[in-house]
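I have placed the structure first, in the form of structure tokens, so that the comments after it can refer back to it.
The values are calculated or read from the model by the stated rules, or taken from the named source; none is laboratory data. Since the model is a prediction, treat every value here as computed from it, not as a measurement. Note that each Cβ is placed from the backbone with ideal geometry, even for glycine, and that neighbours are counted across all protein chains shown. In case anyone asks, the SASA skips ligands and DNA or RNA and just uses the protein heavy atoms, side chains included. Shrake-Rupley method; radii C 1.70, N 1.55, O 1.52, S 1.80 Å.
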Amino acid sequence: MTTTTPPNAVPAGTAVPLSPATGRLSPVDVLRSEWTKLRSVRSTVWSLAALAVATVGLGAIITAVSNNRWRTFTLVERLSFDPTSRSLRGVFLAQLAIGVLGILVITSEYGTGMIRATLTAVPRRPLVLAAKTAVFGAVALVVSEVVTFAAFFVGQSLLKSPVPHATLGQPGVARAVVGSGIYLAVLGLFALGIGSLIRHTAGAISIFVGALLILPLILNAFPASVQQTLSKFLPLTVLQAMISTQPRPDTFAPWTGLGLMAIYAAVVLVAAGVLFVRRDA
Amino acid sequence: MIEARGLTKRYGTTVAVDDLSFEVRPGQVTGFLGPNGSGKSTTMRMIMGLDHPSAGSVTVNGRRYGDLPRPLREVGALLEAKAIHPGRSAYNHLWCLAQTNGIPRSRVDAVLELVGLADVARRRAGAFSLGMGQRLGMAAALLGDPGVLLFDEPVNGLDPEGIRWVRNLLKGLAAEGRTVFVSSHLMSEMALTADHLVVIGRGRLIADLPVQEFIAQSSRQYVRARSPEPARLAELLRSAGATVVAETDGSLTVTGLAMADVGEVAARNQVVLHELSPQAGSLEDAFMELTNDSVEYRGDVTTDAAAAARHAPVGALTTDPLSDLAR
Ligand SMILES: Nc1ncnc2c1ncn2[C@@H]1O[C@H](COP(=O)(O)OP(=O)(O)OP(=O)(O)O)[C@@H](O)[C@H]1O
Ligand SMILES: [Mg+2]
């Protein structure tokens, strides 16, 4: 019934002798291995496809709707219309895709037991986590930049005169597009850290979604003054500031917000690293 | 060469591995035997640096696993849980492991060929049968052509052909001078495969001896006697120098006295015998006896004598292992 050939009768491990082992574990080798891992499972392709569809597709729909409803906009709405921000709205949804991928990079290893094979091959655990973070971070950044640029250009092409559209040369536009991509990559790293801490896909996704979407709801229950002070620190607020070309009240400046996100990610990743080294695999 | 010294692992209040010391030498298959939950997998995970010992240490080739410069080139392992992402192909699974230790692609192809998975190497491992998955695990263990190999219950779920293949593989690897450490809870399997045995029960070392010695000891015979007056017969046999255990079914298990002598003692004292038969314990019985005792011995506080009495049916097994137990 199996499609395998009968196993070799001669169990010689030396059938293809290896040259004697030299050198030691090197970061470059581990990075290569993590790259092989990331590109050899379908969940990567799916998550990145979801990321693209969310960012570009949703951005296109929202921009197209704005274009069609322009006639019904009030004067105030027309004056405050930010074509860049409209075309980047899909990034809000894309957060979930990049988060799930970041989480899966590590939790899928725990779920399948692969982590044992990984740590057997590379017992230097900080190296494993660093390589995972670097490879995923690089892929997330490249893909996020590609999709935010795509969303921007597709969105702008859907805005027909008299509706104003944006160009990259206008103030704050390039920053919004580039910054949104970086935001997604940093959020993905934050998610990877959560995944490494929690080690279970479902649990990690719950906590990630909680931090992203439930925290703002909880904050709503507080008095307005508290809300105003604290909501600046929420990822969603940071993203809102980033996709806007115009300064917004009650948010940190776009790059300040991104720095804050980087701090969140770093804190979670360092905690994950410490526990990764201490815990049994 | 694997050396464990005082190896201990606690999970909360559970002591999974308890002050375990042993050596696994090259050139032979060393069986790691113990009933379910006795700590075999935990020990193997500690050898591989996956679990941190609560106390004690274990080294491979004289170093802690984490200090090996190219671990896969020295140690290969097939551990209990399948360590394979079901969405990845067999080839990519091995290739991503190979890359970390500077192992070339040609070696990946070679081990796939060796375990008979070359034709399905590009298929997702999730679609593999149990046996194919086990072979992929074997391929991963052999990837770096290591001198030390660990296998945690490698024949679990395999069909007879697969079992024979694994058995020959292990023997072949040992014959090449490698250190082969293989766990099992089946004594009969180990009798066919292993040259040396490390037996544990409840995380403790019970025996560390050549398989031949274990077989010789456990094939000792004993005598079963049945009588309407079991208590009196037992008394008489004890005064004649035998060790007697009263079984729950009313029979007596007698060691240390030949069957003819048991008959003569009965006749001389006019005790009626309903049965007098020679018994030979199977290897499996001997193993169970050995490990059950370790469970009992630790479960309640018994004297050495009481423990010795329980050991009686397997005769000489009491000598070596018990001295370990009673330490
Ligand atoms: N991660 C863990 N957390 C808590 N307890 C554990 C853990 N791993 C093992 N144990 C406990 O440690 C003991 C030894 O387990 P282990 O899996 O090492 O035994 P084993 O000899 O491999 O058994 P089996 O033959 O069933 O595979 C058991 O009581 C088990 O419940
Ligand atoms: Mg086990």
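Overview of values
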{"item": "Of all residues making up segment B:185-215, the number that are farther than 21 Å from B:Met1 by Cβ and open to solvent by less than 10 Å² (accessible area, probe 1.4 Å)", "result": "5"}
{"item": "Residue, farthest from the chain's Cα centre (by Cα), within segment B:58-72, restricted to residues that are more than 7 Å from chain A (Cβ to nearest Cβ) and in contact (Cβ under 8 Å) with a residue 40 or more places away in the chain", "result": "B:Gly62"}
{"item": "Identity of the residue in segment A:146-167, within 24 Å of the chain's Cα centre (by Cα) and open to solvent by 30 Å² or more (accessible area, probe 1.4 Å), that ends up nearest to the other protein chains (Cβ to nearest Cβ)", "result": "A:Val146"}
{"item": "Test result for B:Val120, open to solvent by less than 10 Å² (accessible area, probe 1.4 Å), more than 19 Å from B:Arg178 (Cβ to Cβ) and either more than 30 Å from the chain's Cα centre (by Cα) or away from ligand 2 (no atom under 16 Å from the Cβ) (or both)", "result": "yes"}
{"item": "Counted residues, segment A:120-140 - those being in a helix (DSSP H, G or I), within 11 Å of chain B (Cβ to nearest Cβ) and open to solvent by less than 10 Å² (accessible area, probe 1.4 Å)", "result": "3"}
{"item": "Pair list, Cβ < 7 Å and 6+ apart or interchain, from segment B:176-198 residues that are assigned to a loop (DSSP other than H, G, I, E, B) to residues that are open to solvent by 10 Å² or more (accessible area, probe 1.4 Å) and of a type in the set (S, T, N, Q)", "result": "B:Glu176/A:Thr14; B:His185/B:Asn36; B:Asp195/B:Gln28"}
{"item": "Single match in B:Ala55, B:Ala121, B:Ala90 (criterion: over 17 Å from B:Pro146 (Cβ atoms), of a type in the set (A, V, I, L, M), out of contact with any Lys or Arg (no Cβ under 9 Å at 6 or more places or on another chain) and more than 8 Å from every other protein chain (Cβ to nearest Cβ))", "result": "B:Ala121"}
{"item": "Condition check for B:Arg25: within 15 Å of ligand 1 (Cβ to nearest atom), open to solvent by 30 Å² or more (accessible area, probe 1.4 Å) and in contact (Cβ under 8 Å) with a residue 40 or more places away in the chain", "result": "no"}
{"item": "Filtered residues of segment B:1-22 (kept if touching a helix residue (DSSP H, G or I) at 6+ places or on another chain (Cβ under 8 Å) and within 13 Å of ligand 1 (Cβ to nearest atom))", "result": "B:Leu7, B:Lys9, B:Ala16, B:Val17, B:Leu20"}
{"item": "B:Gly137 vs. criteria within 10 Å of chain A (Cβ to nearest Cβ), within 16 Å of ligand 2 (Cβ to nearest atom) and assigned to a helix (DSSP H, G or I)", "result": "yes"}
{"item": "Of all residues in segment B:73-87 being at the interface with chain A (Cβ under 7 Å from one of its Cβ atoms) and aliphatic (A, V, I, L, M), the one that is most open to solvent (accessible area, probe 1.4 Å)", "result": "B:Ala81"}
